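Below: the structure, in structure tokens.
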Amino acid sequence: MYETSPLLHFAEDTLQIAALAFMAIVYALKIRWILKFPAGKERQKPTAPPGRDGRKGALYSLAAIALPWAMASYRERPLRYVQFAVFHLAVAASILMSFLIPYAPETIASPAAVVALQAIFAAGILMGLMRLWRRLADPHVRAISTPDDYFSLALLIVWLGASIAAAPNAREVSETPLLAYFFLTAFFLVYVPFSKISHYIYYPFSRYYLGKTLGRRGAYPLANPAAMLKPES
Amino acid sequence: MARERSWRAQKVIERLEQKVNRQVLLSLAACVHCGMCTEQCHYVLANPDDPTYAPAYKADKLRKLFKAHIDWTGRAFPWWVGARSVYTDEELEDLKDTVFGKCTNCRRCSFNCPMGVDMATFNRLARGLLVHVGIMPEGVATVAKDQWEIGNQMGVLKEDYLETVEWMEEELQDEFDDPNIKIPIDKKGAELVYTINPREAKYDPRTIAEAAAIFHFAGENWTMVSEGWDMTNFGLFNGDDELGGACARRVYDAARTIGAKRIVISECGHGYRSTRCEGPNWSKTDLPDIEMESSIITMLRYIKEGRIQVDKSKNSIPVTYHDSCNMARSCGMTEEPRELLRLVCSDFREMYPNRQQNFCCTGGGGAMSMAEYAPRRLKSAKIKAEQLRATGAKIVITSCHNCVDGLTDLIKHYQLDMEVKQLVDMVYNALVVPKPAPKVEVPVAVAPGEIPAKALAGYKVLVIDDEPDVRTYLRVIFKDKGAEVLEAPDANQGWRQIRDQKPDLVTLDLVMPHKTGEKLYWELRKDEKYKNLPIVIITGYGKTDKPTVRFHEFIAEKGIPEPNAFLEKPIDPDKVIETAIQVLGTRIPSDQIQ
Ligand code: SF4
Ligand code: SF4
């Protein structure tokens, strides 16, 4: 039976917990900071027609990311939605893997599971590279990109690369891929709260407030978004 | 050494720190710079090679400031996340150019942003910061001043407003031959207060008369008010919540004084949003006993309840509908106008994209008051022009006065064969009311000041002019004397109306897009059928100006007769009527023209 080295043990366990704890603390502070700002009050009577209200609007708004057909931006460019979805799926899979490898390795031990994970990570890298290319090549996106935008994306692409190497969890062959993966994961966790990657903290809030306002006024949920864009055949 | 900062820049930063609330903070913090909003903005579509028009680029102008002073990552690592403060008035001028001149606060990008970034809300906030330190387009300053000082955004004096209302009341009484039609002012105990856009009092009073006729025939207990009648609110456009609150409060106070249960807001997108949705917030007023509604809802209710009858075959010209951004995206009013349109028009054609995905008319966000940005605005209207053209409609209906002006401007600029109307025009035109049979009086030459009240009753007059305001004005003048008035916004439609409607008299403008008035005049005069049709040229140029001289040279060269009369703008209503009576006194009866 292979004996895991103390360094890898530290990297996959203590370091991850410390990084996660750090991230959680910074997130908590961030949420406290958001809540310190007063929420604008709506005095107007609800003006939405029957079937629409602030709650429904907020729920619809929160679900918006899963409704690409409701947004002209994604309808007109479906490949961008594929990029978005696959990339985020790969990131989520890698986060999950960072827990499974140290605490439930048997769940992803089968060759099929390993290949599936590697395929997701590879697809994520491809989508990430496409997004990076767009950020560099499209003058509109380039003009709004900050060093953090480039670095965050590059970091995730590299991390997904490390995820491919780490997925087989072949520590008895070499610990290097796992060490690289877990150190990168820890760095990622510590870096996230200070970077644009923390957008997922903002997402529920920003979508909730927009949806609540628009729902109260009857502009959300969109009744038949597809029919707004093109004549129905 | 710390960089020096102008006092204006300092004030802007201080006020930003006070004004950012949770919603604005989240919209400023949440953007991931994905660029998905880029192609959703009409400015980008007209300027595809200029990244400074992209919504996120424009938003970043304020976002950088937010990051530099409020966002903690921005304060810790400014360069890394693109934080940047402002120091000079020039930088504030640059911000002004963006927030006033490159965004109409239409909110279309927000509906297509995966993160729910509410661009219009913080763009308005940025405008407010600049207005607070006196940096704004001149037109914005003028309009806001008028609304603060005179009580309405077009500076219409109380006497002029009351006189206009009275004039419209007389119009209606003459038109329907019914002295009982009234436009009540300050009628205590009225159920409903009707509030309007001052543009109606100043340029388009017919909409007041049309609404009044609808209220009258619906048997409504209604009134207009002498104070607090302007439901528009420039506070929405210049970001000044105090102005917003003051304007809204005036309207609410007027309704309370009357004891009305309902405020009906005439067709105006930003007025509706400001009065009904934002006004209570800005003015910190709760209105538990007063309902507010758009006149669209009121008219729809009257039809559904059978209080007025309409005949949609009276509106048979193909129409399309333009959703005002404030109505559709900010207030969710998309289905009711369509329902009403289908009841009063027989050929309604949808425009794509529509409803919450519609493109801005480009006149929103107060853009019509910012003359310096007009070329930019008209360029950005390209997508709207394409949308309109694709419908094949001849009339575009909109429920917003800003949109009326924005669309009229772009229709002229892109030479579209269409005109702009509002729902009230269509409902009024479709009204079925027992009208007294017109009494045909034989027109006689009269001395000025002795024109009989119904001197033109029984005659059909066609007004061909590309200026909607001129058409409206002539329509009012002729209708006042009992004539049936037809309108055409260009020579081609004029030709069609002459063939189909057989008018007794035509007034013709010379300078019009597509085909000129002189060309149409020549075509009519060489046509056996129409060579004797009475035509009065009404043109906007003096005798020494080219079009008039050119016209006379033109008819001399072609060997065609002079028109029956020639009048110059500005229009003198008495002169127009005297001329029409004289011309019609020698007319060839229409049945002989067949
Ligand atoms: S779509 Fe939204 S998140 Fe993306 S760049 Fe535009 S505003 Fe930012
Ligand atoms: S609010 Fe409208 S005009 Fe302003 S950036 Fe967004 S899409 Fe463009």
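Quick look at the numbers
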| read-out | value |
| --- | --- |
| Residue ranges of helices (runs of 4 or more DSSP H) in the stretch B:54-148 with at least 3 members at pLDDT 95 or above, within 30 Å of A:Gly215 (Cα to Cα) and away from chain A (no Cβ under 14 Å) | B:89-101, B:119-132 |
| Selection status of B:Tyr53, in contact with a helix residue (DSSP H, G or I) (Cβ under 8 Å, 6 or more places away or on another chain) and within 15 Å of ligand 2 (Cβ to nearest atom) | yes |
| Test result for B:Gln153, part of a helix (DSSP H, G or I), of a type outside the set (Asp, Glu) and not assigned by TED's automatic domain parsing to the domain that holds B:Gly482 | no |
| Residue list for the stretch B:40-50, filter: within 15 Å of ligand 2 (Cβ to nearest atom) and more than 7 Å from chain A (Cβ to nearest Cβ) | B:Cys41, B:His42, B:Tyr43, B:Val44, B:Leu45, B:Ala46, B:Asn47, B:Pro48, B:Asp50 |
| Single residue of B:Arg342, B:Arg349, B:Arg329 found to be within 16 Å of ligand 1 (Cβ to nearest atom), modelled with pLDDT of 95 or more and at negative phi | B:Arg329 |
| Filter result for B:Thr232 (of a type in the set (Val, Ile, Thr) and open to solvent by less than 10 Å² (accessible area, probe 1.4 Å)) | yes |
| Subset of the stretch A:30-56 (residues that are surrounded by 12 or more Cβ atoms within 10 Å (Cβ to Cβ), facing another protein chain (nearest Cβ under 9 Å) and in a helix (DSSP H, G or I)) | A:Lys30, A:Trp33, A:Ile34 |
| Single condition B:Ala455 does not satisfy, out of (1) over 21 Å from the mean Cα position of the chain (by Cα); (2) open to solvent by 30 Å² or more (accessible area, probe 1.4 Å) | (2) |
| Residues satisfying the stated conditions in the stretch B:16-35, i.e. more than 7 Å from chain A (Cβ to nearest Cβ) and either in a loop (DSSP other than H, G, I, E, B) or touching a residue at least 60 places away in the same chain (Cβ under 8 Å) (or both) | B:Leu16, B:Lys19, B:Val24, B:Leu28, B:Cys31, B:Cys34 |
| Scope the stretch B:468-488; condition buried (at least 17 other Cβ atoms within 10 Å of the Cβ) and at pLDDT below 85; matching residues | B:Pro468 |
| Number of the exception - B:Asp71 against (1) over 40 Å from the mean Cα position of the chain (by Cα); (2) open to solvent by 20 Å² or more (accessible area, probe 1.4 Å) | (2) |
| Residue check for A:Ala123: surrounded by fewer than 16 Cβ atoms within 10 Å (Cβ to Cβ) and more than 14 Å from chain B (Cβ to nearest Cβ) | no |
| Which listed residue is free of Cβ contacts under 8 Å to residues at least 60 places away in the same chain and assigned to a loop (DSSP other than H, G, I, E, B), from B:Lys182, B:Lys187 | B:Lys182 |
| Matching helices (runs of 4 or more DSSP H) fully within the stretch B:245-338 where at least 2 residues are more than 16 Å from ligand 2 (Cβ to nearest atom), under 20 Å from the mean Cα position of the chain (by Cα) and not polar (S, T, N, Q) | B:269-272, B:295-304 |
| Count of the stretch B:37-54 residues which are open to solvent by less than 10 Å² (accessible area, probe 1.4 Å) and within 18 Å of A:Ala137 (Cα to Cα) | 3 |
| Scan of the stretch B:328-349 for residues that are among the β-branched types (Val, Ile, Thr), closer than 17 Å to B:Val427 by Cα and within 12 Å of another protein chain (Cβ to nearest Cβ), ordered by number | none |
| Pair list, Cβ under 6 Å, 6 or more apart: the stretch B:98-119 residue closer than 24 Å to A:Arg80 by Cα, other residue among the charged types (D, E, K, R) | B:Arg107/B:Arg329; B:Ser110/B:Asp118; B:Gly116/A:Arg207 |
| Residue count for the stretch B:51-82, restricted to those that are closer than 15 Å to B:Leu16 by Cα, within 16 Å of ligand 1 (Cβ to nearest atom) and either in contact with a Phe, Trp or Tyr (Cβ under 6 Å, 6 or more places away or on another chain) or of a type in the set (A, V, I, L, M) (or both) | 2 |
| Contacts under 8 angstrom Cβ, first residue in the stretch A:82-95 being within 14 Å of another protein chain (Cβ to nearest Cβ), partner open to solvent by 40 Å² or more (accessible area, probe 1.4 Å) and part of a helix (DSSP H, G or I), 6 or more apart | A:Gln83/A:Met130; A:Gln83/A:Arg131; A:Phe87/A:Arg131 |
| Any hit, the stretch B:126-139, residues being of a type in the set (Val, Ile, Thr), under 22 Å from B:Cys400 (Cα atoms) and crowded, with 21+ Cβ neighbours inside 10 Å | no |
| Residue tally, condition under 23 Å from B:Gly101 (Cβ atoms) and either within 12 Å of ligand 1 (Cβ to nearest atom) or over 33 Å from the mean Cα position of the chain (by Cα) (or both), over the stretch B:34-50 | 7 |
| Yes/no for A:Arg142 being touching a Cys at 6+ places or on another chain (Cβ under 9 Å), among the basic types (Lys, Arg) and either more than 10 Å from chain B (Cβ to nearest Cβ) or open to solvent by 50 Å² or more (accessible area, probe 1.4 Å) (or both) | no |
| Residues of the stretch A:38-77 satisfying the condition of being among the polar types (S, T, N, Q) and within 20 Å of the chain's Cα centre (by Cα) | A:Ser61, A:Ser73 |
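Condition check ((1) touching a residue at least 24 places away in the same chain (Cβ under 8 Å); (2) among the polar types (S, T, N, Q); (3) out of contact with any Leu (no Cβ under 9 Å at 6 or more places or on another chain)) across all residues:
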site: B:Ser295; (1), (2), (3): yes, yes, no
site: B:Thr298; (1), (2), (3): yes, yes, no
site: B:Arg301; (1), (2), (3): no, no, yes
site: B:Gly306; (1), (2), (3): no, no, yes
site: B:Gln309; (1), (2), (3): yes, yes, no
site: B:Lys312; (1), (2), (3): yes, no, no
site: B:Arg329; (1), (2), (3): yes, no, no
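The values are calculated or read from the model by the stated rules, or taken from the named source; none is laboratory data. Bear in mind the structure is a predicted one, so any value in this text is a computation, not a measurement. Here the Cβ is made from the backbone with ideal geometry for all residues, glycine too, and neighbour counts use every protein chain on show. To get the accessible areas, we keep the full protein, side chains included, count just its heavy atoms, and leave off ligands, DNA and RNA. Shrake-Rupley method; radii C 1.70, N 1.55, O 1.52, S 1.80 Å.
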